[in-house]
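Working notes for the structure below.
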Amino acid sequence: MKNDFETLNAKSTYQEMYRPQLHFTPEEMWMNDPNGLVYFQGEYHLFYQYHPFSKRWGPMHWGHAVSKDLLHWEHLPIALFPDEIGMIFSGSCVVDENNTSGLFEDEGGLVAVFTHADDNVQQQSIAYSLDAGRTWQKYDQNPVIENPGIEDFRDPKVMWYEPEEKWLMVLAAGQEVLFYESKNLLVWTYLSAFGKGHGAHEGVWECPDLLEMPVKNSDETKWILQVDVDEGASAGGSGGQYFIGNFDGKQFISDHKDVRWADYGKDFYAAQSFSNIDRNRRTVWLAWMSNWLYANEVPTSPWRSAMSLPREVSLQKTDKNDYVICQIPVKEYEALKTGEKISTSFALMNSETRKEEQPDGPFEWLLQMNVKQCESFEAALFEFNGKAVRLIYDQSEYKLRFDRSQCGVHSFSEDFPGVFDIPVKKTADVLTLKIVVDTSSIELFINDGDAAAANLFFPSPDIEHFSLSVTCKKGDLLQVDSSEIQPLKSVWRDS
Ligand code: FRU
């Protein structure tokens, strides 16, 4: 008998398989990191690491799409092609509004800053567009930062630093990040390094991002450095961590040494924030929703890899005088709600279960629960014949366990199935879970977004309808104040 994976492989390579309906995917072929995220003249630009000739990683190009609402994307031709200096690795875009670079005639425009990578050397280069990102010219004196003898030296993220009217660049170098400054995007001067003795170091650091963010309900701002590590992340393999601290124009000083994960799922990497949106009042980032452990093997077709939902990121002060980033889907996402929701509230005694039909298309499941008298509950998704994806809450450990080990297609990689822990705030008697299910992913946001987890999941192709359920596993009473199942509108092919 064929297993699920063989059944899928037997289908034609070009048959649509597991296409998300809400999350961004390229029309075909391989994608990894988001690059060059920028808002310019009414459009959000999403560039991405792209291999146009294969569903596996290869010579990197920058694919391109634009959107007016961060959800409906128009696919555009490839923006940047490999050349004699190398492949086009990850990087960022800025709006050079005042034409500091002198690359524009009178008004400024978009400048892309990226890594040129050949087999041996990684260096930083730039390109610019005179037509709102439709076509690109590479700067004729690339690279703008030559390799100083560091093997892994890549992924520049650039931002404008208003107090000193200069550009700042942060890039990944081995297991640290380096900061550079420039007045014109062309000539760069090294400032400082950060990373030794801080955070997770099981793998190389990649794709950093530096953000100044207001602290919610205060006049204070803090600096956030997000940086990915390609091994040893919270759920295993590649993942993103962040540091909270201060930046004085030259150096980043972290408030802490411990690791803080940006997302507790296994599929959230290389998060990048949009540049030029609302100047510090709004932070939106999205990430590559996969993991280097198995990204090249996931059973999707005719493309590989999706982006996470775009997330609104905010910074909150905790009652311990610390800070935590919160992430929720961007407000534009609300427009995807169909209004056809099924709302219920109920109470479950020990060992009781409440089951519902799971919608066939994409949907949001919003659960608000009082867990004061419940030591452990379970929310199950994609349930069939006693098997399911399980979210198991453990009051004693203040943890939610995400378990995708028991069902679905996972034989493509032994690293795919697993159980991943998500921390839950200790003070919470009332717990809110916002679960966004989209064909082959489950994105979870806890409470105000103080923990998030993005995980891929490939439901078995032979099962047509699934159910959902909530069970009070241990304790006297689970009070479900509200359970809302809301089908969501598809944006795929609707753009
Ligand atoms: C991260 C990464 C980057 C690099 C790119 C190459 O996923 O390894 O460091 O620029 O992918 O595609």
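Numbers at a glance
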| item | result |
| --- | --- |
| Residues located in the range 144-165, provided they are touching a strand residue (DSSP E or B) at 6+ places or on another chain (Cβ under 7 Å) and either more than 17 Å from Asp209 (Cα to Cα) or outside any strand (DSSP E or B) (or both) | Val144, Ile145, Glu146, Asn147, Ile150, Asp152 |
| Matching residues in the range 118-143 - criterion: being assigned to a loop (DSSP other than H, G, I, E, B), of a type outside the set (Phe, Trp, Tyr) and modelled with pLDDT of 95 or more | Asp118, Val121, Leu130, Asp131, Ala132, Gly133, Arg134, Thr135, Asp140, Gln141, Asn142, Pro143 |
| Residue match in the range 157-175 (condition: in contact with a Ser or Thr (Cβ under 6 Å, 6 or more places away or on another chain) and more than 30 Å from Glu202 (Cβ to Cβ)) | yes |
| Sole residue being surrounded by fewer than 19 Cβ atoms within 10 Å (Cβ to Cβ) and away from the ligand (no atom under 14 Å from the Cβ), chosen from Asp140, Asp152, Asp119 | Asp140 |
| Options Asp403, Asp415, Asp394; residue that is farther than 24 Å from Lys489 by Cβ, at pLDDT below 95 and surrounded by 15 or more Cβ atoms within 10 Å (Cβ to Cβ) | Asp394 |
| Residue check, Glu340 more than 30 Å from Gly58 (Cβ to Cβ) and assigned to a strand (DSSP E or B) | no |
| Any strands (runs of 3 or more DSSP E) falling wholly within the range 166-273 and containing at least 1 residues that are within 16 Å of the ligand (Cβ to nearest atom), crowded, with 18+ Cβ neighbours inside 10 Å and not charged (D, E, K, R) | 166-173, 176-182, 205-214, 221-229, 239-247, 269-273 |
| Among the residues listed as Ile78, Ile85, the single one being on the phi < 0 side of the Ramachandran plot, out of contact with any Lys or Arg (no Cβ under 9 Å at 6 or more places or on another chain) and in the same structural domain as Met31 (by TED's automatic domain parsing) | Ile78 |
| Top-ranked residue of the range 398-415 - restricted to ones that are among the polar types (S, T, N, Q) and touching a residue at least 40 places away in the same chain (Cβ under 8 Å), ranked as farthest from Ser460 (Cα to Cα) | Ser413 |
| Candidate set: the range 284-307, residues that are assigned to a loop (DSSP other than H, G, I, E, B) and more than 14 Å from the ligand (Cβ to nearest atom); chosen: the one farthest from Phe268 (Cα to Cα) | Pro302 |
| Of all residues making up the range 84-102, the number that are more than 16 Å from the ligand (Cβ to nearest atom) and either acidic (Asp, Glu) or touching a residue at least 40 places away in the same chain (Cβ under 8 Å) (or both) | 8 |
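The values are calculated or read from the model by the stated rules, or taken from the named source; none is laboratory data. Note that this is a predicted model, so its numbers are computed, not measured. Counting neighbours? That spans all protein chains shown, and the Cβs are built from the backbone with ideal geometry, glycine included.
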